[in-house]
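The values are calculated or read from the model by the stated rules, or taken from the named source; none is laboratory data. Treat the numbers as computed from the prediction; the structure is a model and nothing was measured. FYI the Cβ positions are ideal-geometry reconstructions off the backbone, even for glycines, and counts take in every protein chain you see.
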Amino acid sequence: MLARDIMTTPVTTIDEGHNVKEAIDIVNASKIGAVPVVDPEGRLTGIVSEGDLLRRVALSWARRAVPHTRDRDEALANYVKARSWRIKDVMTTPVVSATPTATASQLAELLQAHNIKHVPVVENGRLAGIISRRDLMRALLDVAPDCTASGDEALGTAVRSRLESELEITPAMVGTTVLNGVVTLRGKVETELERDAARVAAESVRGVGGVVNKIALAYHMLSRLKL
């Protein structure tokens, strides 16, 4: 699933010449939680989020004078954000954005890496839509599940494929047998966490009726040999 399949469009925008009160009205009306800021040509120049607005409220209560210290520039920037009613002063810029062909996993990584809740989607330099964390989670829940493997042999193939592709656990490390839809895992891995991950990978294959985890820990085997 790509960004163009998930994004909200059209998006209500605002320009740098408007004021914060208008941004608040848009956020409340759209229920998106952020307002992209665009220039007259529709190019994205910034974004005003609920976080920006809440920080503005919090900072506005601080009435202390801005001191002449090493942190003065940061304090002055906070002062401007807290006191100004101009969108240009309050908005976040530069903006983290995505292309319409970004995948759902790339979008999730982007949101997490930058600790943000909204990603504008930009195409040919212009705003095309916006994606929120909620949009992404809803889309992931709506994704059609993997096809169910049919028969024990097909289930075994699917489990082995998932173990190798997602965990790099090869059949030589962990063997897989399937009887009446129940998967049995046998072999050795290095850690308890790796053992649990192998079980979860097997359980996540559609059609699997249960998993018997008989994977041993390699370091346990070594300890017994030393004794």
Extreme residue, surrounded by the most Cβ atoms within 10 Å (Cβ to Cβ), among residues of the stretch 2-13 that are touching a Leu at 6+ places or on another chain (Cβ under 8 Å) and more than 21 Å from LEU53 (Cα to Cα): ALA3
How many of the residues in the stretch 148-202 are part of a helix (DSSP H, G or I), touching a Gly at 6+ places or on another chain (Cβ under 8 Å) and surrounded by 18 or more Cβ atoms within 10 Å (Cβ to Cβ)? 2
Selection over the stretch 27-45 where residues are under 14 Å from ALA128 (Cα atoms) and surrounded by 15 or more Cβ atoms within 10 Å (Cβ to Cβ) yields a count of 6
Exactly one condition in (1) modelled with pLDDT under 80; (2) of a type in the set (A, V, I, L, M, F, W, C); (3) farther than 28 Å from ARG138 by Cβ is false for ILE87; which is it? (1)
Quick one: ILE87 ticks every box in (1) touching a His at 6+ places or on another chain (Cβ under 6 Å); (2) loosely packed, with under 13 Cβ neighbours inside 10 Å bar one, so which box is it? (2)
Any residue in the stretch 100-121 that is modelled with pLDDT of 85 or more, of a type in the set (S, T, N, Q), within 15 Å of ILE32 (Cα to Cα) and surrounded by 13 or more Cβ atoms within 10 Å (Cβ to Cβ)? no
Restricting to the stretch 14-26, what's the tally of residues that are surrounded by fewer than 18 Cβ atoms within 10 Å (Cβ to Cβ) and either within 23 Å of the chain's Cα centre (by Cα) or outside any helix (DSSP H, G or I) (or both)? 4
Could you please find all residues in the stretch 2-57 being at pLDDT below 85 and on the phi > 0 side of the Ramachandran plot? LYS31
So which residues in the stretch 98-134 are part of a loop (DSSP other than H, G, I, E, B), more than 13 Å from the chain's Cα centre (by Cα) and in contact (Cβ under 8 Å) with a residue 24 or more places away in the chain? THR99, PRO100, THR101, GLY125
